[in-house]
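Q: One structure, pasted below without further comment.
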């Protein structure tokens, strides 16, 4: 288990950049949730970038805009949380210029703090599966639609600065059919906490 130290919450300027760059540099940062008054945290080991209006896999492709994805067009450094397959919440951080609809999906965390709470929320699954997927990590950290549209720095779920990182591997994104070969998934090389190996 990684021992953590106090770190600063990421500034809005961190997210005022292209999503692929943000996705890579989010690896190693710490997500800290105080939802329901219970502190849980995990280090980001896997992300995916979605590039907005020019990305066929993005919810904002060709500027499609509706009530469910409105937060995707919000300011950089805000949360976009959507329901996947009618079952799982997925947490994204909005990037780039406001209105561009680009974001980074949090795909997997290394659990760091509050494991007892995570285990209860995840119904006693093995620790390896607590946060190894976007829906799983949201459940473990208590993230729901209530976070959608909120500025990260003023929300109950904050992202704090990175520690020194190891090698990063880029690979195609997972679970999509359009632009599926774009290498916009980023993983800490060799991490046992990733949703799957980049070679899978």
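Q: For segment 12-188, what does the convex hull of the Cα positions come to per residue, in cubic angstrom?
A: It is 106 Å³ per residue.
Q: Additional query: Assign one of three labels to segment 16-76, namely rounded, prolate or oblate, based on the Cα gyration tensor with a ≥ b ≥ c the square roots of its eigenvalues; rounded applies when a/c is under 1.5, prolate when it is not and a/b is larger than b/c, and oblate otherwise.
A: Oblate is the answer for segment 16-76, as a/c is 1.5 or above yet b/c matches or exceeds a/b.
Q: Highest mean first, how do 112-119, 17-24 rank when packing is the count of other Cβ atoms within 10 Å averaged over residues?
A: The packing order, highest mean first, is 17-24, 112-119.
Q: Now for a different question. Which order do peptides 169-178, 67-76, 86-95 fall in by mean Cβ count within 10 Å, highest first?
A: Most protected by this proxy first, the peptides run 86-95, 67-76, 169-178.
Q: Nearest 500 deg cm²/dmol is fine: what mean residue ellipticity at 222 nm does the chain get from its DSSP H runs of n ≥ 4 alone, each adding -39,500 (n - 2.57), divided by its residue count?
A: -3500 deg cm²/dmol
Q: So how much slack lies between residue 24 and residue 196, counting 0.36 nm per residue of separation and subtracting their Cα-Cα distance, in nm?
A: Once the chain is fully extended between residue 24 and residue 196, it gains 60.2 nm.
Q: Taking 7 Å along the Cα-to-C-beta vector as the label spot, tell me the residue 181-residue 70 distance in nanometres, rounded to one decimal.
A: Here the answer is 3.9 nm between the modelled labels.
Q: Additional query: Based on the Cα atoms of segment 129-175, what semi-axes does the equivalent ellipsoid have, where each is the square root of 5 times one gyration tensor eigenvalue, given in whole Å with the largest first?
A: So the equivalent ellipsoid measures 22, 17, 11 Å along its semi-axes.
Q: Now, a different point. Give, in whole angstrom and from largest to smallest, the semi-axes √(5λ) of the equivalent ellipsoid of segment 60-113, with λ running over the eigenvalues of the Cα gyration tensor.
A: The answer is 21, 15, 8 Å, longest axis first.
Q: Need one number: nm distance between label points at residue 162 and residue 115, each 7 Å from Cα along Cα→Cβ, rounded to one decimal.
A: Roughly 2.6 nm, to one decimal.
Q: Between residue 88 and residue 38, what is the label-to-label distance in nm when each label sits 7 Å out along the Cα-to-Cβ direction?
A: 2.0 nm
Q: Roughly what percent of Cα-Cα pairs across segment 1-110 reach past 23 Å?
A: 27 percent
All of the numbers you see were taken from the coordinates with simple rules; none came from a lab. The model shown is predicted, which means the values in this text are computed figures rather than measured ones. With ideal geometry, Cβ positions are generated from the backbone for all residues, glycine too; neighbour counts draw on all protein chains shown.
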